[in-house]
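A.B. asks: Have a look at this one.
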Amino acid sequence: MKKLTPAFANKKMDGLEQGMIPNPEKKSWSRLLKGNSDLPMEILILFLLVQFICCLSSIIFPANFRYLSESNISVLLKAIPVLGIISLGIGLLMIAGEFDLSVGANYTFTGIVIATLVESGLSAFLAAPLGLALGVLIGLLNGFLTLRFRIPSFIATLATMLFWQGMTLLYHGATSIRFYPGDIFTNLMAGQIGLMETSFLWFVALSLVFWAVLHRHKFGNHILAVGGNKQAATAIGINPTRVKLAAFGLAGFCAALAGILAASRVGTIQPGQGAGIELRAIAACVVGGVALTGGRGTILGVFLGAGLIYTIEDILLLLRAPGFYLDIFIGILIAGAAIFNQLVRERMVR
């Protein structure tokens, strides 16, 4: 492999600062970004089409399909943020080329820790930052195990998932714990502003922050570069270990924040409530156009993917379909999205 001269490396870095992704085959950077714009048209069209059909059906059959009812909209706005916020962290990590299967265990464990701190008399406004810091530390531990010992993140985080599930039972036991943080904290995390849920506003605000980071900041360029081609990113001066560690930490932060929102909304935490949410978060990312191989994806796609999954679940509930139907439709949706993403990737290579 030809060694990069300082001048050539600087030139490549200038291109990276402008939002371009390096490629060892020296293809044009703009070509590599095709299909990775800030506006994922395919998932956006699908999401809007599903919403249009649901709204039209609700207008035509208001008694049998109450999709537009105030209670149903409220349920959707309460349910989407928990999965959506976890999906944001998982999506950023997947774009960097890694996975985290422990976010569900992180989500539960940090929530229980915060609840016990509040129960012991600590203010929720002090307990919540401590819980978020704990979530970040768990994410960084995942990153350390993965990167320091070169273990596939799927295996490393599978191990930590089981570890933190066990730690949850060791720390608190198998019983649920009540969470009474006070009216001010509860309204801030899970209150209502008119018909709008504050938890959904948190989801929207965090999505905007992640969008700015991924699509408008140098760090986002580094994430895309490391996930797309680690060797080329290293050649132009990017530290993949540092970038991936930060992505792991953000995934842990999102899991802890989702735990706080869920606990504030329900008022109780079950030791096993986070089981399976990591797979649903990965599904939301895949449906939203995030490449399983890393290097491609958008925050808007993740946002819409989480919304689409819960919309499908809501449709099935309104139609009184058995619960296992959801798994069938989600499975088909994931397989279809993965196939579509692979076809897009192959077309980009050509």
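A.B. asks: Could you please report the charge total around T146, scoring K, R as +1 and D, E as -1 over all other residues with beta-carbon less than 11 angstrom from its beta-carbon?
C.D. replies: Value of the local net charge: +1.
A.B. asks: Counting Lys and Arg as +1 and Asp and Glu as -1, each charge on the Cβ, what is the dipole of the stretch 182-274 about the Cα centre in debye, to the nearest 20? If you can, show how the numbers build up before the last one.
C.D. replies: Working: 6 positive and 2 negative charges, 101 e Å.
Charge dipole of the stretch 182-274: 480 debye, to the nearest 20.
A.B. asks: Sorting T298, T311 on the 10 Å Cβ count, fewest up front, what's the list?
C.D. replies: Fewest to most other Cβ atoms nearby, the residues stand as T311, T298.
A.B. asks: Mind telling me which of P62, P81, P129 comes out most flexible in a GNM of the chain, alpha-carbon contacts under 10 Å?
C.D. replies: Checking each option, the largest mean-square fluctuation is seen for P62.
A.B. asks: A further question on this structure: Average projected area of the Cα convex hull of the stretch 210-350, in nm²?
C.D. replies: 10.4
A.B. asks: How big is the C-alpha Rg of the stretch 258-315 next to the rule-of-thumb value 2.2 N^0.38 Å, as a ratio?
C.D. replies: Ratio of Rg to 2.2 N^0.38 Å for the stretch 258-315: 1.30.
A.B. asks: Test of understanding: ordering K230, K244 by Cβ neighbours within 10 Å, fewest first, what list do you get?
C.D. replies: So the residues, fewest neighbours to most, are K230, K244.
A.B. asks: Right, next: Would you mind ranking M167, M196, M94 so that the residue whose beta carbon has the fewest other beta carbons within 10 Å leads the list?
C.D. replies: Going from sparsest to densest Cβ surroundings: M196, M167, M94.
A.B. asks: Find out how many positive minus negative residues lie around P181, taking Lys and Arg as positive, Asp and Glu as negative, among other residues whose Cβ is under 12 Å from that of P181.
C.D. replies: 0
A.B. asks: Most fluctuating residue of G301, G237, G267 in a GNM of the chain with Cα springs under 10 Å: which is it?
C.D. replies: Evaluated over the chain, the most mobile residue of the options is G237.
A.B. asks: Between A205 and L140, with labels modelled 7 Å along Cα→Cβ, what's the label distance in nm to one decimal, could you check?
C.D. replies: Inter-label distance under the simple model: 2.4 nm.
A.B. asks: Would you mind telling me which residue in L158, L44, L56 has the biggest mean-square fluctuation in a Gaussian network model of the chain, where springs connect alpha carbons within a distance under 10 angstrom?
C.D. replies: L56
A.B. asks: Can you report the principal axis dimensions of the stretch 175-247 using only the alpha carbons, biggest first, rounded to whole angstrom?
C.D. replies: 53, 34, 16
A.B. asks: On average, how much area does the Cα convex hull of the stretch 102-212 cover when viewed from any direction, in nm²?
C.D. replies: 8.8
A.B. asks: Could you work out the helix-only [θ] at 222 nm for the chain, with each DSSP H run of four or more residues adding -39,500 (n - 2.57) and the total divided by the number of residues, to the nearest 500 deg cm²/dmol?
C.D. replies: Result for the chain: -24000 deg cm²/dmol, rounded to the nearest 500.
A.B. asks: May I have the convex hull volume per residue, in Å³, for the Cα set of the chain?
C.D. replies: Numbers: hull volume 49.5 nm³, N = 350.
Each residue corresponds to 141 Å³ of Cα convex hull volume.
A.B. asks: While we're here: In whole Å, what is the distance between the alpha-carbon centres of the stretch 225-260 and the stretch 303-325?
C.D. replies: 31
A.B. asks: What dipole magnitude, in Debye to the nearest 20, does the stretch 35-150 give about its Cα centre under +1 on Lys/Arg Cβ and -1 on Asp/Glu Cβ?
C.D. replies: Values: 4 positive and 6 negative charges, 29 e Å.
Rounded to the nearest 20 debye, it is 140 debye.
A.B. asks: Taking the Cα atoms only, what angle lies between the long axis of helix 6-17 and the longest principal axis of the chain, rounded to 10 degrees?
C.D. replies: 30
A.B. asks: Across all directions of projection, what mean area in square nanometres is found for the Cα convex hull of the stretch 269-350?
C.D. replies: Average projection, Cα convex hull of the stretch 269-350: 6.5 nm².
A.B. asks: What angle do you read, to the nearest 10 degrees and between 0 and 90, between the alpha-carbon axis of helix 299-318 and the longest principal axis of the chain?
C.D. replies: 30
Values in this text are rule-based calculations from the coordinates and carry no lab data. What you see is a predicted model, and the numbers here were worked out from it, not measured in a lab. For neighbour counting, all protein chains shown are included, and Cβ atoms are generated from backbone atoms with ideal geometry for every residue, glycine included.
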